Each structure stands twice: as C-alpha cells, then as structure tokens.
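The values are calculated or read from the model by the stated rules, or taken from the named source; none is laboratory data. Model, not experiment: these values are computed from the prediction. Here the Cβ positions follow ideal geometry from the backbone for every residue, glycine too, while neighbour counts run over all protein chains shown. Remember, those area values only see protein heavy atoms, side chains included, never the ligands or the DNA or RNA. Shrake-Rupley method; radii C 1.70, N 1.55, O 1.52, S 1.80 Å.
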Amino acid sequence: MKEEILAHPDKSLETHLKKVAEINRLIIKNTPLTLPIDKKILEEISYLIGLYHDIGKATSFFQEYLKETDPAKKSWLKNRPETKHSLISAIAGYFAVEKYLEEINYKDENYREFLAISSYIVIKRHHTHLTNLLDDLRLDREEIEIIKKQRKSLFTDSLLFLPYLKEVLKKIDELPKSWKLTKLRLTEKIKKIGDNLLLYLIHHFLYSVLLEADKHDTVIGRIPKRKNIPEEIIEKYYNYKGFNNPNNPINKFRNEIYNEVIKQIDNLNLDDERILSLSAPTGSGKTLTSLAAALKLRNRIRKEKKYIPRIIYCLPFLSIIDQNAKVIEEIFEVVVKKPPTSDLFLIHHHLSDYIYTTSEENEYEPDESEILIEGWDSEIILTTFVQFFHTLFSNRNRAIRKFNKILGSIVILDEIQCFPHYYWVLFKEIALKMAQYSNTYFILSTATQPAIFDNSLELLKEKEKYFKSFQRTKIHINIKNKTTISDLAEKIIKNLENSPENTLIVLNTVRAAQDLFKKIKEKLIEKNFNFEVYFLSSHIVPYQRLERIEKIKNSGATKIVISTQLIEAGVDIDMERVIRDLSPMDSINQVAGRANRNWRRNIGDVEIIKLIDERNSRFFYSYIYDVVLIDATTKILSSFSIIDEKRFIELIENYYQDVKRRTSDDTSLKYLKDIKMLDYEEIGKFKLLEEEGEKIDIFIEINDEASKVWREYEKIIKIKDPFKRRGEFYKIRNKFYSFVISIFSQKIKGNLPPLVNGIRYVSKTQLEEFYDMDIGFKLDTDETQIIW
C-alpha cells in the first residue's frame with residue numbers, strides 16, 4: 001500500500017492543495033474586479049498558486065519531520081534547511097504559472113512576467129512576511145543545492161494530479177540555468193506596465209487570498225457562507241424609535257438629513273460614483289445615517305450588480321467603538337428580535353474577544369474564532385482606523401490576510417478628520433485605484449470634511465443649509481491672553497457661582513487635566529459647592545471611563561467634566577458650557593459638538609483659551625500638535641472674538657485648504673514610491689499613529705470584578721500548552737483589557753508597579769501607591785507631554 005503524503009497530521013497533502021486551490025479560485029471569482037487582466041486568468045493563476053503552495057511538503061525531509069513523535073528530534077528536524085518547504089514550492093509555482101501563461105499565449109510580456117513573479121513571492125512568503133520584492137528574486141548557490149536535494153526526495157507519485165508537473169520538475173532540474181529573474185529585469189517590466197499602484201493591489205490581493213484559503217482549510221475546513229441582512233432593517237428601526245416623527249428642532253433636521261442621504265443613494269451612479277462623503281453637523285445622527293446609506297447601497301449593488309459587498313465601518317478610537325456597537329446591536333434586537341451573531345456583525349480590534357458565533361447557533365473554538373474574526377468573516381465589520389489602514393499598507397501576513405475582504409466592500413470612515421494630514425495623498429491615490437479596479441466604495445463621514453479628495457460625491461447635497469441652520473453654539477475666542485491652570489480653575493468656579501451649568505473642560509495633556517481636576521476639587525470643597533465632578537483620560541481604566549460616560553449622560557445633577565481630547569470624536573454627551581485649550585480647528589469643531597448637542601437650550605457657549613505651562617512657559621498645545629495645524633487654526637481664530645455655529649462650515653473648509661497648502665506631501669510620496677516598487681520592507685514601516693516610544697500595559701485591580709478577571713488570568717497563565725493557553729485568554733481578553741491602561745515608558749520614572757505573570761500589576765492593596773480612583777495612574781515625573 002502506498003504511503004500517504006501528509007500536509008498536516010490529520011490531512012493529506014493532495015486534499016489540502018486541492019482545497020486551497022478551490023478556495024483561492026472562489027475568492028477571486030466572488031470579488032468584483034475590473035482589471036486590465038482577464039479575471040479568468042487571475043482565477044487560474046490563483047488556482048495554480050493554491051495547488052503548488054505546499055508541494056515542498058512532499059519531500060522525505062518534511063514527511064519525516066511531520067511524523068516524528070519525539071519532541072527533541074522533531075524540533076531538530078524542523079530546523080533543517082531541507083525541511084523548509086516554501087522556497088521549492090514557490091519556484092515550482094513560478095514555473096507552473098509561467099507555463100500556463102505560455103500555454104494560453106498571453107500576449108502582454110510585462111504582465112506575464114509580473115504575474116509569474118508575484119505568484120513566486122506569494123508562495124515563498126506565505127509563512128513569513130513580505131520584504132522587498134526585488135531582493136527576493138535571487139537564488140544563491142546554497143539555496144539551489146538544498147532545492148536539488150529536496151527535488152531528489154520528492155514523492156512525485158503523490159503529485160501527479162498537478163497540472164504542468166512534468167515541465168515544472170524539468171525546470172527545477174535545470175536550475176540555476178532555468179532561473180532568469182533579476183532585479184533589473186523586473187524593474188524594467190514594472191516601469192513598462194506603468195500603473196504601478198495596480199501591481200501593488202494585485203500582488204497584495206493574491207497574497208491575501210492564499211493566506212485566507214490556507215488558514216481556512218487548515219483550521220476550519222471551509223469558507224463560511226455569506227448571510228443576508230434584512231433590506232429594510234434601518235428603516236424599521238428608525239420608525240420604531242420614532243425618529244421619523246420629529247418633535248423638536250434637532251430631530252427635525254436629523255430626519256431631513258437622513259431622508260436626503262437615502263435619496264442620494266437611490267440616485268447614485270454605481271459605476272462612476274464610488275468616493276462618497278457625508279458632511280453634517282455634529283449631533284445630526286451621522287452614525288445611523290451612514291450605516292443606513294451603506295445598507296441601502298449594499299442592496300442596490302446586490303440587485304443591480306449581482307454581488308453582495310460587506311460593510312466595513314471604521315472608527316479612529318477604541319473609546320467610541322462600544323458606543324457604535326451598541327447602536328448596531330440594538331438595531332438587530334429591535335428588528336430581528338435577537339442580537340446579531342458574528343457572521344452578521346463583528347467587532348474587531350486588538351483588544352476584542354475571540355468568540356465567534358453563527359446564526360446556526362454554532363460557537364467556534366478559540367483557534368477557529370481567531371481565524372474568522374481576524375479574517376473579517378462577517379457582513380458588517382466594526383473596526384478601527386489602525387486595523388483598516390494597516391491592512392492597506394503593511395508587509396505583515398496577519399494584517400494583509402483580510403485585504404481580500406476590503407476589495408468590493410463599502411468602507412465607512414467615520415470621523416475621517418482624525419486621519420493624519422501627511423497621509424492624505426497616499427490614501428487618496430490608493431482609494432481611487434481600489435474604487436476603479438475593485439468596485440470598492442468609500443463613505444467619508446464627519447462634521448469637518450478634510451480636503452483629501454477633490455471631487456468626492458457629497459451625499460448631503462444641501463449641507464450648507466444644515467450647517468447654517470444649526471444655531472446651538474457660539475465659540476468665544478480668548479487666545480490673545482495666556483491662561484494658567486490656576487487662572488482656569490478660578491474662572492470655572494466663578495462661572496459656576498454666577499451660572500451653575502454643566503461644564504466640560506478639554507485639555508491637551510493628562511498632566512494638565514489632572515492638575516486642573518485637583519484644583520477644582522479643592523475649590524469646590526473650600527466653597528462647599530455640591531457639584532458632580534468627573535475626570536476622563538487614557539490613564540483611567542476603560543471600565544471606569546465607560547462607567548463615567550454613562551453617568552455623565554444620565555445624571556440630572558449639575559456636573560463638571562475635565563477631560564483630555566479622547567471625549568471629542570463620537571462620544572455622545574450634551575453639555576451647556578465647554579472650555580477648550582487651543583487645538584486644531586477640526587478638534588475645536590468636534591468639541592463644540594458636545595455643547596448644547598441636542599438643542600435643549602437656546603445657545604451653548606464654547607470658549608477657546610491658550611493654556612500655558614507655568615513650569616517652563618511653554619503652551620500645552622505645543623507638546624502634542626503639529627505646528628502646521630496650529631498655525632492654520634490660529635490664522636483663522638485671530639480674526640474673530642465670537643464665531644457663530646453657522647460660520648463653522650466655511651471656516652473649516654478654509655482651514656483644510658490652508659492645511660493642504662501648507663502640508664508637505666513628502667511622507668505620502670515616499671510611501672507611494674515604495675509601493676510602486678513593491679518594496680514591502682519600507683511599506684512595513686507605515687504607522688498610522690506616531691507613537692512616542694514604547695508603551696507599558698498595567699493591569700489595575702480597581703474592584704471585585706477586576707479581581708475576578710485577574711484570578712481567571714492567573715489560572716490561564718498556568719496552562720502549559722501554549723495554544724490552549726492563548727485560546728483561553730482570547731475568551732476573556734476584552735474583559736481583561738477593560739482594566740488595563742497603557743503608559744509611555746519614558747513618561748514613568750520610578751513609579752512602576754511589579755511585573756506579575758507577564759504584565760505590570762497593581763493589586764487592590766497597592767492602589768493608593770499607584771492609582772488614584774479619581775484621576776487614574778499617578779505620574780511620578782515632571783514630564784508634561786502625556787496626552788489623552
């Protein structure tokens with residue numbers, strides 16, 4: 001009896017290769033591509049990639065390793081060069097694709113060579129990360145010697161099902177003579193093709209497809225079936241909540257905006273209008289309206305284009321993901337009468353739990369859930385800017401794997417004003433190509449639309465009317481004078497004495513906010529004032545932050561909220577008076593949206609001040625904001641003493657045009673150059689957020705619930721099997737991180753809690769030393785540049 005050749009301990013190599021190849025072809029078939037390359041050809045190339053991606057496992061070296069039971073010997077066998085299977089598989093894949101394109105007489109010589117080389121790299125790197133494509137072409141003498149040994153040890157009888165096998169093996173036997181690839185040759189081909197961004201999208205896509213198919217077959221065994229979302233789900237929810245029968249001015253405008261946007265979707269030209277914007281005032285219901293627009297668009301595409309796009313809803317901050325998730329979950333609970341399962345609605349970020357459920361009431365094991373969640377196997381995905389943009393611009397296989405889900409989808413970028421201005425050109429160029437070649441739609445939703453695209457289609461045609469109709473706030477400009485924290489505390493107390501109104505103060509650094517909170521508390525006690533005082537920053541554990549935001553929203557008492565800028569974008573609170581330390585114009589507009597948000601009074605007051613650090617006479621805004629943004633803002637604000645809300649849209653548009661004029665495109669152009677040359681080593685350096693060094697995670701045991709989670713963690717950390725340990729942790733990850741804060745290491749000098757079970761840990765008995773229940777982690781440093 002012939003010995004079975006295995007890909008994995010429980011799966012034959014032939015079964016695995018055929019299944020991956022089928023999934024590869026299916027993914028490409030179901031992706032709505034409009035390329036200068038025949039889609040059928042791309043399907044067949046991807047099919048060949050799947051068939052050849054693991055043929056190196058058919059060597060005696062790999063089979064010996066796979067079947068070895070002694071751990072020490074198995075580890076030795078695994079590290080032998082002859083056991084590695086990716087390179088020989090990649091070379092074989094290259095020759096197979098080359099032969100296929102020759103057989104069909106593919107005329108375009110430049111694309112023909114690129115597609116074969118892309119196939120080679122996709123297979124070679126499917127267990128690692130992408131690097132500079134040009135540097136990956138050369139085969140040295142040692143590699144060729146190893147490939148020769150592997151070729152001799154191939155169980156070729158187990159590979160007879162492979163197309164072009166005879167020709168492929170002949171080419172491998174002829175190495176190095178048969179290997180013609182050089183940097184110069186590929187560089188010439190890339191230049192001749194011209195549309196280098198398209199090459200990036202194709203290569204990124206093929207890599208993503210193989211990673212997806214390989215993971216799904218290995219761990220789950222199949223690609224999950226797509227699910228239907230009821231067509232009128234948002235409309236039914238809208239009617240249930242009574243939003244269609246507005247009983248006050250703000251709801252009247254929200255209803256008008258909703259209806260106008262939906263009407264625009266009905267009239268949209270699906271072929272030409274794929275970059276869309278939704279520009280509406282803060283508090284006008286953009287979350288629900290943008291989601292309704294996306295679902296309406298999805299249904300139009302399903303009926304007219306015969307494919308079903310996913311909806312990928314992206315937000316800049318974790319702090320507002322839960323808020324938006326509750327809205328989406330409530331929509332399903334109201335209309336469908338049960339919470340959405342993971343195959344319908346998925347939350348994905350670096351702290352989310354790995355628990356995946358389906359409408360068939362299946363719950364997957366942690367390793368299976370990880371594959372499905374990381375791969376965005378759902379109809380509506382709620383995620384972060386970081387996850388989204390680090391999928392577009394990355395060299396890491398884990399990030400790129402979900403790229404195939406983005407192509408042909410509807411992407412909502414909510415609060416797009418938070419996207420860094422020095423990446424505008426980079427995103428614009430890639431988005432336009434994705435819209436052109438993969439029918440990807442983008443909805444950029446914000447009250448302060450940045451000048452990224454020159455001609456996006458505005459879904460709210462009469463946006464100026466609504467911005468000018470919203471007369472909820474006045475912004476008082478007070479930036480000619482320097483204000484100290486002591487001055488500000490006096491001002492707030494005086495305001496409360498004269499007019500006890502709910503007051504929000506937003507400052508630029510944690511240190512400034514903590515200092516102000518202490519002074520306010522002292523003065524309230526001194527004057528025997530009985531106001532509620534809340535503090536919000538990233539130095540408060542997420543569990544407490546969410547609790548406080550709910551209390552702020554629901555408390556009927558007069559309250560003072562002192563916060564860093566984490567409260568600005570998307571946090572749905574309504575205050576009567578707002579004071580904001582100087583910040584960029586879009587940030588000012590966002591925080592103004594927390595004042596008189598629901599139009600319960602005539603006018604809400606917003607004051608902009610310029611807070612100075614008395615210790616070094618430096619303005620606090622200078623610690624965190626780009627000078628380009630501050631200069632553009634100061635230029636506008638200096639012309640006013642008071643700004644009415646109706647002027648916001650005009651001033652914001654002027655601001656963004658000025659920022660665009662002042663901004664250097666060097667960073668974007670640098671990454672575009674790297675992308676055009678497929679230099680993934682450099683592309684991998686992309687960072688959406690420029691971090692100030694390394695962060696330290698600290699678990700704070702603030703209450704009994706935290707204690708319970710910590711005890712669960714202690715049990716999990718003792719599990720010896722690393723895969724089981726990771727799987728069990730994934731089940732509690734979200735709860736665990738709701739008690740974790742992340743602090744930049746250079747901001748902490750001596751005040752570090754002990755390292756316990758792999759993480760810094762503050763027990764209940766240590767709270768007084770490290771954590772203040774009012775203002776969070778205690779800063780044992782004179783540094784002030786601690787933000788958020």
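Each Lys and Arg Cβ is given +1 and each Asp and Glu Cβ -1; about its Cα centre, the chain then shows a dipole of about 660 debye.
Residues in segment 25-102 average 39 Å² of solvent-accessible surface per residue, probe 1.4 Å, ligands and nucleic acids excluded. Find which of Tyr313, Ile624, Ile475 sits farthest along the positive direction of the dipole of the chain, computed with +1 on the beta-carbon of Lys and Arg, -1 on that of Asp and Glu, about the Cα centre. Positive-end residue among those listed: Tyr313. Counting only residues at least eight positions apart within a chain, or on another chain, the aspartates and glutamates with an alpha carbon under 20 Å from that of Lys553 are Asp322, Glu329, Glu330, Glu501, Glu532, Glu568, Asp572, Asp574, Glu576, Asp605, Asp774.
Per-residue accessible area (protein heavy atoms, 1.4 Å probe) orders Cys418, Cys314 as Cys418, Cys314, starting from the largest. Of the residues Leu154, Val122, Leu134, the one whose Cα sits farthest toward the positive end of the charge dipole of segment 121-169, with +1 on the Cβ of Lys and Arg and -1 on the Cβ of Asp and Glu, is Leu154. Computed from Cα positions, the angle between helix 86-103 and the longest principal axis of the chain comes to roughly 70 degrees.
Per-residue surface analysis assigns Asp774 an accessible area of about 70 Å², computed on protein heavy atoms at 1.4 Å probe radius. Given their separation in residues at 0.36 nm each and the Cα-Cα distance between them, Asn239 and Asp644 gain 142.5 nm when the chain is fully extended. Helix 39-52 and the longest principal axis of the C-alpha atoms of the chain enclose an angle of approximately 70°. Could you please report the charge total around Asp697, scoring K, R as +1 and D, E as -1 over all other residues with beta-carbon less than 13 angstrom from its beta-carbon? Local net charge: +2. Considering segment 330-379 at the alpha-carbon level, its Rg and Dmax are found to be 11.0, 32 Å.
Please report the carbon-and-sulfur percent of the accessible area for the chain; probe 1.4 Å, protein heavy atoms only, DNA, RNA and ligands left out. Walk me through the intermediate numbers first.
On the way: 15490 of 32750 Å².
Solvent-exposed carbon and sulfur of the chain make up 47 percent of the total.
Across q = 0.15, 0.18, 0.20, 0.23 Å⁻¹, segment 5-53 modelled as identical point scatterers on its alpha-carbon atoms has Debye log10 I(q)/I(0) values of -0.42, -0.55, -0.63, -0.75, in the order of the q list. For segment 283-351, the dipole from Cβ point charges (+1 on Lys and Arg, -1 on Asp and Glu) about the Cα centre works out to 540 debye, to the nearest 20. For segment 178-198 versus segment 649-691, the spacing of their alpha-carbon centroids is 26 Å. Full extension of the chain between Arg661 and Asn528 yields a length gain of 42.7 nm, computed as 0.36 nm times the residue separation minus the alpha carbon distance. Per-residue ellipticity at 222 nm from helix content only, as computed over the chain with -39500 (n - 2.57) for each DSSP H run of at least four residues, stands at -14500 deg cm²/dmol.
Mind ranking Ile719, Ile759 by accessible surface for me, highest first, 1.4 Å probe?
On the way: Ile719 40, Ile759 15 Å².
Ranked list, largest accessible area first: Ile719, Ile759.
Which distance in Å, rounded to a whole number, links the C-alpha centroids of segment 558-614 and segment 260-308? Centre-to-centre distance over Cα atoms comes out at 30 Å.
In straight-distance terms, cross-link reach from Lys78 covers every one of the lysines whose alpha-carbon lies under 24 Å from its own, apart from those fewer than eight places away in the same chain; here that gives Lys11, Lys57, Lys67, Lys124, Lys148, Lys149, Lys152, Lys215, Lys720, Lys724. A 1.4 Å probe run over segment 447-602, with the rest of the protein chains in place, finds 37 Å² accessible per residue.
Using a 1.4 Å probe, what is the accessible area per residue for segment 252-341, in Å²? All intermediate terms of the calculation are to be shown ahead of the outcome.
Details: 3320 Å² over 90 residues.
Per-residue accessible area for segment 252-341 comes out at 37 Å².
Evaluated at q = 0.19, 0.26, 0.32, 0.35 Å⁻¹, a Debye calculation over the C-alpha positions of segment 284-325 (equal weights, vacuum) places log10 I(q)/I(0) at -0.65, -0.91, -1.10, -1.17.
Amide H contacts for Thr440 (H built 1.01 Å from N in the peptide plane; partners 5 or more residues away or on another chain; cut-off under 5 Å): Gly408, Ala435.
Each Cα pair under 8 Å and six or more residues apart adds its separation to the average, and for the chain the resulting relative contact order is 14 percent. Projected onto their three principal axes, the Cα atoms of segment 640-699 cover extents of 49, 43, 15 Å, largest first. To the nearest 20 debye, what charge dipole does segment 366-481 have about its Cα centre, counting +1 at the Cβ of each Lys and Arg and -1 at the Cβ of each Asp and Glu? Dipole magnitude for segment 366-481 comes out near 640 debye. Averaging over all projection directions, the Cα-based convex hull of segment 213-271 occupies 7.2 nm² in the image plane. Among Trp599, Trp710, the sequence by solvent-accessible area, most first, with a 1.4 Å probe is Trp599, Trp710. Of the residues Phe385, Ile37, Ile759, the one whose Cα sits farthest towards the positive end of the charge dipole of the chain is Ile37 (charges of +1 on Lys and Arg Cβ, -1 on Asp and Glu Cβ, taken about the Cα centre). Compactness of segment 547-608 was expressed as the Cα radius of gyration divided by 2.2 N^0.38 Å, which yields 1.06.
Close amide H contacts of Ile696 (hydrogens built in the peptide plane, cut-off under 5 Å, sequence separation of 5 or more or a different chain): Ile743, Phe744, Ser745. The heavy atoms of Asp271 present about 80 square angstrom of accessible area, all protein chains included, probe 1.4 Å. So how much accessible area does Tyr106 have, in Å² to the nearest 10, using a 1.4 Å probe? Accessible surface of Tyr106 is approximately 30 Å². Here, segment 225-364 is characterised by an Rg to Rh ratio of 0.96, where Rg is the alpha-carbon radius of gyration and Rh the Kirkwood radius. Dividing the Cα radius of gyration of the chain by 2.2 N^0.38 Å, with N the residue count, gives 1.03.
For the chain, what proportion of DSSP beta bridges, expressed in % and rounded to the nearest 5, is antiparallel? Working shown, then result.
Details: 19 of 74 bridges.
The antiparallel fraction comes to roughly 25 percent.
Per the Debye formula on identical point scatterers at the alpha carbon atoms of segment 600-730, with no solvent, log10 I(q)/I(0) at q = 0.10, 0.16 Å⁻¹ is -0.76, -1.01. For Thr558, nonlocal amide neighbours, meaning residues 5 or more places apart or on other chains whose placed amide H falls under 5 Å from its own, are Glu532.
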